[in-house]
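Written out below as structure tokens is the structure these notes cover.
The values are calculated or read from the model by the stated rules, or taken from the named source; none is laboratory data. Here the structure is a predicted model, which means the values were calculated and not measured. When we count neighbours, we look across all protein chains shown, and the Cβ atoms used for this are built from the backbone with ideal geometry, even at glycine.
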There are 2 protein chains.
Amino acid sequence: MNDSTQSAYEALCQHLRQTAVLESIDHLLGWDERTLMPVAAAEHRADQMTLLAGLIHQRNTDPQIGHWIDVLIDSPLAEEEHSDAGTVIRQIKRQFEKLSKLPQSLVEQLARTAVEGQQIWQKARAEDDYAAFAPIMKKTIELKRQQADAVGFPECRYDALLDDFEPQERTSNVRRVLAGLRDELVPLICQIADSGRSPDIGLLRRHYPAAVQEKFGQQAARRIGFSFDRGRLDETVHPFCSGLGPNDTRITTRYEEQFFPSAFFGILHEAGHGIYDQGLRSEWYGLPPGKDVSLGIHESQSRMWENQVGRSRAFWEYNFPHAQAAFPAALADVSLDDFYFAMNDVRPSLIRVEADEATYNLHILIRFELEQALMEDQLTVEDLPDAWNQKYEDYLGARPTNDADGVLQDIHWSGGAIGYFPTYSLGNLYAAQLFATAHRDLGDLDQQFASGQFDSLREWLQQNIHRRGQCYPAAELVELVTGEPLNHKFLIDQLRAKLSPLYGLS
Amino acid sequence: MNDSTQSAYEALCQHLRQTAVLESIDHLLGWDERTLMPVAAAEHRADQMTLLAGLIHQRNTDPQIGHWIDVLIDSPLAEEEHSDAGTVIRQIKRQFEKLSKLPQSLVEQLARTAVEGQQIWQKARAEDDYAAFAPIMKKTIELKRQQADAVGFPECRYDALLDDFEPQERTSNVRRVLAGLRDELVPLICQIADSGRSPDIGLLRRHYPAAVQEKFGQQAARRIGFSFDRGRLDETVHPFCSGLGPNDTRITTRYEEQFFPSAFFGILHEAGHGIYDQGLRSEWYGLPPGKDVSLGIHESQSRMWENQVGRSRAFWEYNFPHAQAAFPAALADVSLDDFYFAMNDVRPSLIRVEADEATYNLHILIRFELEQALMEDQLTVEDLPDAWNQKYEDYLGARPTNDADGVLQDIHWSGGAIGYFPTYSLGNLYAAQLFATAHRDLGDLDQQFASGQFDSLREWLQQNIHRRGQCYPAAELVELVTGEPLNHKFLIDQLRAKLSPLYGLS
């Protein structure tokens, strides 16, 4: 390798690291907006985030990047596939070519509309007023169409948007995988409904004081491996995890004193995201080998800690006595079996974030289908609430009686996140398949969980997923680690194995 | 006025507004660093703030500003003295010429050293370890010398640093005013010490629960006019107020359960800063007519609400019954007179932020003299702790027994704020002089305070100070509003009037 290759590589990396610093500032603005910011400051916050989005876009599309890539793409540094340097060069080439097709003005409009949209959505949801939200939703859809058309797509517009969250994935492939899942999930849910059994979920609706929930949740997050030396837990309306720097990962939750699972599984979920973030190689911070590979993989990490671990009997064998000590008034007279069954209650409902592990994926399917229809001009923003309600009736057997509990329930669309929802179900599928492999590699995980030991699973994930950054695209990474392409059978098998004894299924 | 004048003016304002947006992002980074950020994130936060400081400096010294100023400085827009447009043009010319003399590398070094210095100081203070702090202090002093030498100064290096906080003020003038204050203050403090009287401050050291203090402090801040719709109150180690945008002013405090005045007067103080911030004209946000004029004036606003209002008997005539209701265990058996006397306890002490209204200015004098000696090479960083302790013995009759309670007690120097301390005493003097004028203009303020009415004073301040932004330099503004130049007699008169009856002075 000659000097000019080496110096181009170093200059490129330095440029990218500085851009990542700017992006991390944007993440602080976003985190603060959703946790602490006074409402009256929304307009100025939009100014701040718009300005930063413009600066970041300028840096991401700096023609100098093209020159560096030209020098590097055929150099020995890029030769080895999946190497760190090769990943930097190939991933940045891909990103640079994509982003260079987006006009700066569109990027700034998207950023501003996202901040404004979220503020309008918040009010519209609180007041159950879809008409107040429709104009900004229309604008968002129009901008996202422009975005897709500007960057181009292999098969359909939705591909271009999906790529922002699940790089190199195709809509047609997601459609196929989710259809396979649906075909096995719907009969399972019907079997459960027909079983005549159901847990006593009233025990979860007793009084669980918020301050105790916070402490209990923090302890659980710490035990599974979220580092509070390098992170925080705060309150918000719509929980999320945000990385503000290599040693600053912030998770958020919302406490409901009359419903225990809401905050607790929320914390496990966001801590799972946080553990991924904290497991990335910090020496590669801001560069593709030190970045998360896709939202689907990110979600697999949160889902695994929430569901495969947090809703397992073994997990509660360890934690239930602690829960009883923390919430004596609510849990003194409750058995582990009843508590465990209540945690795994399966029943169709209207609200995605409250949905159980099994029906959850039907909520995603609905959104995935509606998003595609919106992008392809097969559905108007005006007709969206009716279409939403109809699909809920068809897929889940329940029709929302108002838009706050219907089409207005999620923040995503208001912030311009179209193409995001399917990554939740991809996450569920990735989680199941990865967990099956971890189980095979690590022996009796149940025994470890039952004694409060989570280190071996977390280290396995760090080794196999976190530390690989973007060196493999998500689909390849899963195949590399598990030995086969993504397959919905792992999730179905795990659900059947857990739910059959609880519901007495054959 | 011709088209090119108008378009240069508009382009300049647009440029400045965008820079202000970047600066407000920097304020969020600083606010978060001091309230919530995990300690491990300090290094990355320094990267973020350094990058932003560089971007801001680039914008502040963009040669285009020079071209706009050239077009504008002799145009009709700049003609009228103290007009908004004239203020924009003259203030930016001044700032541009000053900042253009600073190399970008020095600006970035100053920003990085400030963040690192604060982190090192925090640990050094906690561990009472001056040796751990000395190297970064040395570096800071060296950088500040470079800064002063780069921008130049009329009489002494310290002038250049003072100008960052109290624009257009001279060291020699501050020295003269503070000497006048000292000459009358020292005998007054001696008289008090010799009076044989002192309040029972034990009643302030009873148990005041933090959560109740927070609520009580919030109510008081709201009542004097701090808007929580456009601001927040949070906890921190070293209380401050920060403006993050036209509708986002954040104040902070620290609760001591065994000492009531600490958080309460801290909140009044920071709310006073916040009310100034919220009283600026938001249509001029980011431009000189919408910015605070100087730290001395800023401090006058906080001090007035803290001291002239908050430590008055009238204020407690209204508030004491509420305090008794909020803290029944601590205050049920306490009389208003005893409480009021305890609030106005005067006695020499070692810690500036705990000092009373009278002795406080001696703490400032010590720092002001030491800073000048450091800048003029008359004192080394190694000898600083001894010099500090000697001056405390000379001026306040008490010698610190460790550096944590001595030279390490303040955050300022660690963050590169040299030339800042005298603005506190200027603030005290401005506050007294402005308050005397308000009293003359508004009639019986005591009667208003005693019935919980603070609107007329706040509106008077808004009209006379806040809404004028930087249209007058601080010294001129005070003269314009009060009819005479800054004079220490107002503060001395007010202290004598309040303290004489309490201490039975002749």
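Okay, here's what the table says:
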quantity	calculated
Tabulated pairs, the range A:1-30, first under 17 Å from A:Pro63 (Cα atoms) and in contact (Cβ under 8 Å) with a residue 24 or more places away in the chain, second of a type in the set (Phe, Trp, Tyr) and part of a helix (DSSP H, G or I), C-beta under 6 angstrom, 6+ apart or interchain	A:Ala8/A:Trp68; A:Leu12/A:Trp68
Some residue of the range A:164-173 being in a helix (DSSP H, G or I) and closer than 24 Å to A:Gly30 by Cβ	yes
Residue within the range A:212-232 that is touching a Leu at 6+ places or on another chain (Cβ under 8 Å) and in a strand (DSSP E or B) present	yes
Residue check, B:Leu499 under 21 Å from the mean Cα position of the chain (by Cα) and either over 26 Å from B:Ala179 (Cα atoms) or surrounded by 15 or more Cβ atoms within 10 Å (Cβ to Cβ) (or both)	no
Residue identified as without any contact (Cβ under 8 Å) to a residue 40 or more places away in the chain and either within 14 Å of chain B (Cβ to nearest Cβ) or among the charged types (D, E, K, R) (or both) among A:Lys98, A:Lys93	A:Lys93
Odd one out for A:Lys291, checked against (1) buried (at least 24 other Cβ atoms within 10 Å of the Cβ); (2) farther than 30 Å from A:Gly504 by Cβ; (3) of a type in the set (Lys, Arg)	(1)
Qualifying positions in the range B:455-485 - in a loop (DSSP other than H, G, I, E, B) and surrounded by fewer than 20 Cβ atoms within 10 Å (Cβ to Cβ)	B:Tyr472, B:Pro473, B:Gly483, B:Glu484, B:Pro485
Of all residues making up the range B:1-25, the number that are part of a helix (DSSP H, G or I) and more than 9 Å from chain A (Cβ to nearest Cβ)	17
Enumeration of residues in the range A:285-331 that are within 14 Å of another protein chain (Cβ to nearest Cβ) and either touching a Cys at 6+ places or on another chain (Cβ under 8 Å) or in a helix (DSSP H, G or I) (or both)	A:Gly290
Unique residue being of a type in the set (D, E, K, R) and either without any contact (Cβ under 8 Å) to a residue 12 or more places away in the chain or not in a helix (DSSP H, G or I) (or both) when the list is A:Glu33, A:Glu81	A:Glu81
Criterion (more than 26 Å from B:Leu280 (Cβ to Cβ), surrounded by fewer than 20 Cβ atoms within 10 Å (Cβ to Cβ) and in contact with a Phe, Trp or Tyr (Cβ under 9 Å, 6 or more places away or on another chain)) met by exactly one of B:Val186, B:Val177	B:Val186
Of the criteria (1) under 30 Å from B:Gln378 (Cβ atoms); (2) assigned by TED's automatic domain parsing to the domain that holds B:Leu365; (3) outside any loop (DSSP other than H, G, I, E, B), which one B:His238 fails	(3)
Tally, over the range A:305-350, of residues that are more than 22 Å from A:Ala210 (Cα to Cα) and out of contact with any helix residue (DSSP H, G or I) (no Cβ under 8 Å at 6 or more places or on another chain)	2
Filtered residues of the range B:44-65 (kept if surrounded by 15 or more Cβ atoms within 10 Å (Cβ to Cβ) and more than 27 Å from the chain's Cα centre (by Cα))	B:His44, B:Asp62, B:Ile65
Qualifying position, being more than 20 Å from A:Gly452 (Cβ to Cβ), touching a Ser or Thr at 6+ places or on another chain (Cβ under 8 Å) and part of a helix (DSSP H, G or I), among A:Gly266, A:Gly245	A:Gly266
Search result, residues across the range A:353-381 that are assigned to a helix (DSSP H, G or I), under 18 Å from the mean Cα position of the chain (by Cα) and either modelled with pLDDT of 95 or more or polar (S, T, N, Q) (or both)	A:Tyr360, A:Asn361, A:Leu362, A:His363, A:Ile364, A:Leu365, A:Ile366, A:Arg367, A:Phe368, A:Glu371
Tally of residues being in contact with a His (Cβ under 9 Å, 6 or more places away or on another chain) and within 30 Å of B:Leu408 (Cβ to Cβ) across the range B:70-105	1
Hits in the range B:1-19 (condition: of a type in the set (D, E, K, R) and either farther than 30 Å from B:Asp234 by Cβ or crowded, with 18+ Cβ neighbours inside 10 Å (or both))	B:Asp3, B:Glu10
Qualifying positions in the range A:47-60 - more than 8 Å from chain B (Cβ to nearest Cβ) and of a type outside the set (Val, Ile, Thr)	A:Met49, A:Ala53, A:Gly54, A:His57, A:Gln58, A:Arg59, A:Asn60
Index of the failed condition, B:His44 passing every other in (1) in contact with a Pro (Cβ under 9 Å, 6 or more places away or on another chain); (2) more than 10 Å from chain A (Cβ to nearest Cβ)	(2)
From B:Leu434, B:Leu408, B:Leu396, B:Leu384, residue being surrounded by 18 or more Cβ atoms within 10 Å (Cβ to Cβ), more than 30 Å from B:Val107 (Cβ to Cβ) and at pLDDT 95 or above	B:Leu434
Any hit, the range A:208-217, residues being out of contact with any strand residue (DSSP E or B) (no Cβ under 9 Å at 6 or more places or on another chain) and of a type in the set (Ser, Thr, Tyr)	yes
Test: B:Glu116 is part of a helix (DSSP H, G or I), acidic (Asp, Glu) and surrounded by fewer than 18 Cβ atoms within 10 Å (Cβ to Cβ)	no
Selection from the range B:84-113 of residues that are not hydroxyl-bearing (Ser, Thr, Tyr) and not in a helix (DSSP H, G or I)	B:Lys101, B:Leu102, B:Pro103
Of all residues making up the range B:241-264, the number that are out of contact with any strand residue (DSSP E or B) (no Cβ under 9 Å at 6 or more places or on another chain), buried (at least 22 other Cβ atoms within 10 Å of the Cβ) and more than 14 Å from chain A (Cβ to nearest Cβ)	1
From A:Leu77, A:Leu36, A:Leu110, A:Leu22, residue being crowded, with 18+ Cβ neighbours inside 10 Å, over 27 Å from B:Trp31 (Cα atoms), among the aliphatic types (A, V, I, L, M) and within 23 Å of the chain's Cα centre (by Cα)	A:Leu110
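Matching residues to (1) farther than 25 Å from B:Pro261 by Cβ; (2) touching a residue at least 12 places away in the same chain (Cβ under 8 Å); (3) touching a Phe, Trp or Tyr at 6+ places or on another chain (Cβ under 9 Å); (4) crowded, with 20+ Cβ neighbours inside 10 Å:
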{"residue": "B:Pro328", "(1), (2), (3), (4)": "no, no, no, no"}
{"residue": "B:Phe339", "(1), (2), (3), (4)": "no, yes, yes, yes"}
{"residue": "B:Ser349", "(1), (2), (3), (4)": "no, yes, no, no"}
{"residue": "B:Pro400", "(1), (2), (3), (4)": "no, yes, yes, no"}
